[in-house]
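Undergrad: Could you have a look at this structure, given as structure tokens, before my questions?
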Amino acid sequence: MQLTPIRHVAIIGSGIAGLSLAIGLQTMGIKVSLLDKSRGPGGRLSSKRVPGGSVDIGAQYFTIRNPRFQQFLDQYAGTESYRKWTPVLFYEQEPGLPQPFQVAERYVGVPRMTGVSRALSQHVEPTYQLRVDRVEQMQQQWQITDDQQNMVGCYDAVVITAPPEQTRELTRTLPVVQQGLTGFAMEPTWTVALLFSQPLSLAFDGMSLKDSVLGWVARDASKPERDSGEWWVLHATSTWSAAHQDDSPEQVIAAMIQAFAERFNHGQTAVEVISHRWLYARPARGCPQSGFLSFHQDRLAVCGDWLNGGRVEGAWESANQLLEHWRKEQLV
Ligand SMILES: Cc1cc2nc3c(=O)[nH]c(=O)nc-3n(C[C@H](O)[C@H](O)[C@H](O)COP(=O)(O)OP(=O)(O)OC[C@H]3O[C@@H](n4cnc5c(N)ncnc54)[C@H](O)[C@@H]3O)c2cc1C
């Protein structure tokens, strides 16, 4: 069957992968419809508003190892949307034995992580608060239906950038895709952020921990252009988060506050607390890392961080690899 050229693509998800792909396709003259269930762009590049500012509750920082990622950010997000973060960081290989953690250069969005996704989204005008229910094949086109059972549109190709569990649900009528998603899974992360009235007297800004509860703690205020006070962000480990996935936020907050106080003996009581449960935070260990997935003669594709290392830069690379593939195949 002679396939029509790809002229209009729907992308589900306006995280870093969806935004990067949308911008890439648009610059090649392809029409893009970018759809997201959330109220704004960014996905797991996420910040929560608090009095006087915001706190980063998802990705804590990102790397720029690939010079093309830097070019992309500078050109489309703008150099003013992100800054280098130079924290005093430690990591533990053994419980209770922190060592300096100085390997990579780290960057953060300003004045919050979503500074980057906000800036990128200016180029592509995503449609927000549209939860896609399913993607179906209609002869040579791909139809998207939302959760109100309204037909959103028909497209030459669809790219899904949601985590694998959600992608599975969206493609439930497509056995080939279901088969291709075998073996992919994400792990949860509970996040708790605490505001203290005084700076904690701790000799670090962030630490990756080997602990039974906490996997990461960081002083949000140590990031550039943050002025919302002495907020600390705590991430529970995947194992602990999975074991406590269905606990109430109150139970989780109490356990994580206690773990933080016992581990660092900081002697202060938080004056404000927020929490967030990421059901699909990071790819489970052992997930195949193919960069992207492509089905139905390249008309239905899947990309996102979980196919490429589980990080912000990996999400951009995943989108880029798909774009390169389509270009090579002369589909766009
Ligand atoms: C707690 C935590 C800490 C992290 N720390 C770091 C870190 O320090 N450094 C780092 O590099 N990375 C970190 N990461 C990972 C990083 O956040 C991700 O790699 C990256 O943001 C993923 O981008 P993405 O575009 O692939 O996916 P996402 O950002 O998840 O985007 C997917 C989008 O799809 C949308 N969507 C899903 N289902 C539907 C639907 N049915 N209809 C419409 N829209 C839908 C979602 O709303 C979302 O916006 C962290 C993640 C978490 C959760």
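Undergrad: Filter region 1-36 for residues that are part of a loop (DSSP other than H, G, I, E, B) and touching an Asp or Glu at 6+ places or on another chain (Cβ under 8 Å); which is nearest to the ligand (Cβ to nearest atom)?
TA: Selected residue: GLY13.
Undergrad: Which numbered condition trips up VAL252, out of (1) touching a helix residue (DSSP H, G or I) at 6+ places or on another chain (Cβ under 7 Å); (2) of a type outside the set (Ser, Thr, Tyr); (3) in contact (Cβ under 8 Å) with a residue 40 or more places away in the chain?
TA: Here VAL252 clears every test but (1).
Undergrad: Among the numbered criteria (1) farther than 22 Å from HIS235 by Cβ; (2) not assigned by TED's automatic domain parsing to the domain that holds LEU130, which single criterion is violated by ASP56?
TA: Going through (1) farther than 22 Å from HIS235 by Cβ; (2) not assigned by TED's automatic domain parsing to the domain that holds LEU130 one by one, ASP56 breaks only (1).
Undergrad: Restricting attention to region 54-102, and to residues there that are over 22 Å from the mean Cα position of the chain (by Cα) and part of a loop (DSSP other than H, G, I, E, B), which single residue is nearest to the ligand (Cβ to nearest atom)?
TA: So the residue we want is PHE101.
Undergrad: Another one. Within region 245-332, considering only strands (runs of 3 or more DSSP E) that don't extend past its boundaries, which have at least 2 residues that are within 27 Å of LEU195 (Cβ to Cβ) and within 11 Å of the ligand (Cβ to nearest atom)? If you could, list the steps in order and put the result at the bottom.
TA: On the way: elements: 272-283, 292-295, 300-303.
Passing ranges, in order: 272-283.
Undergrad: Of everything in region 145-176 that's in a strand (DSSP E or B) and near the ligand (Cβ under 9 Å from one of its atoms), which residue is nearest to TRP326 (Cα to Cα)?
TA: Among those residues, the one meeting the criterion is ILE160.
Undergrad: Against the condition away from the ligand (no atom under 15 Å from the Cβ) and either surrounded by fewer than 16 Cβ atoms within 10 Å (Cβ to Cβ) or among the aliphatic types (A, V, I, L, M) (or both), how does GLU105 come out, does it pass?
TA: no
Undergrad: Given the condition closer than 21 Å to ALA281 by Cβ, in contact (Cβ under 8 Å) with a residue 24 or more places away in the chain, among the acidic types (Asp, Glu) and in a loop (DSSP other than H, G, I, E, B), answer yes or no: does some residue in region 223-237 qualify?
TA: no
Undergrad: While we're looking at this one, here's another question. Give the residue, chosen from ARG44, ARG65, ARG83, that is touching a Pro at 6+ places or on another chain (Cβ under 6 Å) and within 29 Å of GLY215 (Cα to Cα).
TA: The match here is ARG83.
The values are calculated or read from the model by the stated rules, or taken from the named source; none is laboratory data. All of these numbers come straight from a predicted model, not from anything done at the bench. Positions of Cβ are backbone-derived with ideal geometry, glycine not excepted, and every protein chain shown enters the neighbour counts.
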